[in-house]
1. Just to be sure, is A:Arg243 at pLDDT 95 or above and either touching a Cys at 6+ places or on another chain (Cβ under 7 Å) or over 28 Å from B:Val197 (Cα atoms) (or both)?
2. Got a number for residues in the stretch A:207-233 being surrounded by fewer than 24 Cβ atoms within 10 Å (Cβ to Cβ) and within 8 Å of chain B (Cβ to nearest Cβ)?
3. I'd like the residue in the stretch A:232-261 that is under 20 Å from the mean Cα position of the chain (by Cα) and among the charged types (D, E, K, R) and, out of all such residues, is nearest to A:Arg113 (Cα to Cα).
4. It is to be established whether one or more residues within the stretch B:163-180 are modelled with pLDDT of 95 or more, crowded, with 24+ Cβ neighbours inside 10 Å, under 30 Å from B:Arg94 (Cα atoms) and touching a helix residue (DSSP H, G or I) at 6+ places or on another chain (Cβ under 9 Å).
5. Within the stretch A:295-320, take every residue that is among the charged types (D, E, K, R) and touching a helix residue (DSSP H, G or I) at 6+ places or on another chain (Cβ under 8 Å) and give me the one that is nearest to B:Ala181 (Cα to Cα).
6. Inside the stretch A:25-50, can you point out the residues that are under 21 Å from A:Glu76 (Cβ atoms) and in contact (Cβ under 8 Å) with a residue 60 or more places away in the chain?
7. Can you spot a residue in the stretch B:96-107 that is touching a Phe, Trp or Tyr at 6+ places or on another chain (Cβ under 9 Å) and not basic (Lys, Arg)?
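The values are calculated or read from the model by the stated rules, or taken from the named source; none is laboratory data. Note that the coordinates shown come from a computational prediction; the quantities given were computed from them, not determined experimentally. Cβ: placed from backbone, ideal geometry, glycine included. Neighbour counts: every protein chain shown.
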Protein chains: 2
Amino acid sequence: LGDEAAPLRWAEGALLVLDQRALPAEERWIECRTPDRVADCIRSMAVRGAPAIGLAAAYGMALAERGGDDLAAAAELLRATRPTAVNLGWAIDRALEAAGDGTLLELARRLHREQEEADRRLAELGAERFRPGDRALTHCNTGALATGGYGTAGGVLRTSWERGRLAQVWVDETRPLLQGARLTAWELHRAGIPVRVVADSAAGGLMARGLVDRVVVGADRIAANGDVANKVGTYPLAVLAARHDVPFYVAAPVSTIDPRTPNGAAIPIEERDAAEVTETAEAFNPAFDVTPAELITAVFTEAGVLEPPYGESIARVASG
Amino acid sequence: LGDEAAPLRWAEGALLVLDQRALPAEERWIECRTPDRVADCIRSMAVRGAPAIGLAAAYGMALAERGGDDLAAAAELLRATRPTAVNLGWAIDRALEAAGDGTLLELARRLHREQEEADRRLAELGAERFRPGDRALTHCNTGALATGGYGTAGGVLRTSWERGRLAQVWVDETRPLLQGARLTAWELHRAGIPVRVVADSAAGGLMARGLVDRVVVGADRIAANGDVANKVGTYPLAVLAARHDVPFYVAAPVSTIDPRTPNGAAIPIEERDAAEVTETAEAFNPAFDVTPAELITAVFTEAGVLEPPYGESIARVASG
């Protein structure tokens, strides 16, 4: 793997998916020549992160087109893989709109480039809110692996570091799949940023001791009122940050905003296999939770920094 | 293992310590014939739980007496194993007071019996606060394995179940050592209680969805003002419970109260090996956090249910 670990590559008529379940121990690529194979990769979380699964679905639609498959069927297959992130449906809808002229691979590549541009832009905007010496806390993985570009919250952290506005990052390990301990710690370490991994349940104690200056996370869906669905454990961080007057930021591309979802209660929360949590007992394994808009200090997007009242700022961005 | 998994047994001049690191997969006993060996078991968390490590230390002092060791040195060795739980020092102080008349094994056995009695009594008092249909949430392990008796918060749950006042228990898996997923789920399942294990970070989302009626946890030290040190992750639960108007209970024997510690800021918080959290990155691994008294609805002890203002209710109990 080079300096920039990319989750998706197109080569010789196939989508290559970096199997993130095996990282950082092992670099394993899955060759996808059908939308079915891409759907498997999304469902199993070989590729994960709201923007990255959107791009994977776009490439999946391109594979369907090249294979002469029924595009509507491929769209439904890909759409059904995971319910919470809205980028998935957003990318599939773009592909369906463009269908018919044999250019779905071009579309996927364009969305991929645009993701990188959006990431860079929102990272710049987010980094402006950081100050030298800041100790930031983040949850799950929101770097290049999660977006196919530069990263959302992870990109904000990298740009803040490059601008001398970051001293250290606390990384929640992020149970059950440990995306923080495995992926984020690895990405930030490669970028030269001092990292300390903590158990998810330790973040509250860190804030109580005054060891956290800012929290920044990604998003899987932002409702019209500003409520945010993100990896389970995000909501408790927001409650704790509010209690300790720590700014709580969300970093996400505009494609994560879903103006058709009125609020967090309307966001479907995926439940995953209990075996991800425990092999030896019954478990309940929601993959996401909802953070109410009232707990969010600002949302960094490539179209600008959104601030309360979110109903208005989101409507402005969503209308173009 | 029988129906009652006991963490400590005395047999043929030795203390047998059930190695809780191997549970529930394997039943392995460690034979201790010296205080040094007992200290190893406490330090490595082969035996854990504030009341249980207090009892282990009392048996360790008895072994020192039988071996003709220097009792003051044995006391210092055992006291230095873990800093946060006050029961450890409490039991060692009882042994030092009684030293000189060759009866430290009798003392350890008496403390062991008294722990069981205290557990039963506080479980009865705590269960009175539960109602039929209650869905309780707990953290870490506070059952028989943690006390050598009937359990603190775990005992409250068992008695509530027997009285028809409990429908289900959500069990935090309790990273990094998974005492909830491994020990509590196993103990409650054996008692016939419906259990669902959740990632620690999922508890907040459960409360937001109205799926938690009560939270009950144990304690490693209760300061004079009612601040409670307990397994890391307890404080976030208390903050979330307060936000959602869910009663937050602490269950602990009076020996857990330390009137000489004025408040939570004065409680030493143990930092354990980073390797418990992650093998592949730098980590910070505090074993405990502090929950301020203002977030605690009631404390169940064998001497009665303590309620705010805790400065007064604790002073009453501490004075006898």
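1. no
2. Counting residues in the stretch A:207-233 that are surrounded by fewer than 24 Cβ atoms within 10 Å (Cβ to Cβ) and within 8 Å of chain B (Cβ to nearest Cβ) gives 1.
3. So, considering only residues that are under 20 Å from the mean Cα position of the chain (by Cα) and among the charged types (D, E, K, R), the one nearest to A:Arg113 (Cα to Cα) is A:Asp258.
4. Yes, the stretch B:163-180 contains at least one residue that is modelled with pLDDT of 95 or more, crowded, with 24+ Cβ neighbours inside 10 Å, under 30 Å from B:Arg94 (Cα atoms) and touching a helix residue (DSSP H, G or I) at 6+ places or on another chain (Cβ under 9 Å).
5. Checked the stretch A:295-320; the qualifying residue nearest to B:Ala181 (Cα to Cα) is A:Glu307.
6. A:Met45, A:Arg48, A:Ala50
7. Yes, the stretch B:96-107 has at least one match.
For (1) within 26 Å of B:Pro253 (Cα to Cα); (2) within 14 Å of chain A (Cβ to nearest Cβ); (3) out of contact with any Pro (no Cβ under 6 Å at 6 or more places or on another chain), each residue gets a yes or a no:
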| site | (1), (2), (3) |
| --- | --- |
| B:Arg9 | yes, no, yes |
| B:Glu27 | no, no, yes |
| B:Ile42 | yes, no, yes |
| B:Gly54 | yes, no, yes |
| B:Ala74 | yes, no, no |
| B:Thr81 | yes, no, yes |
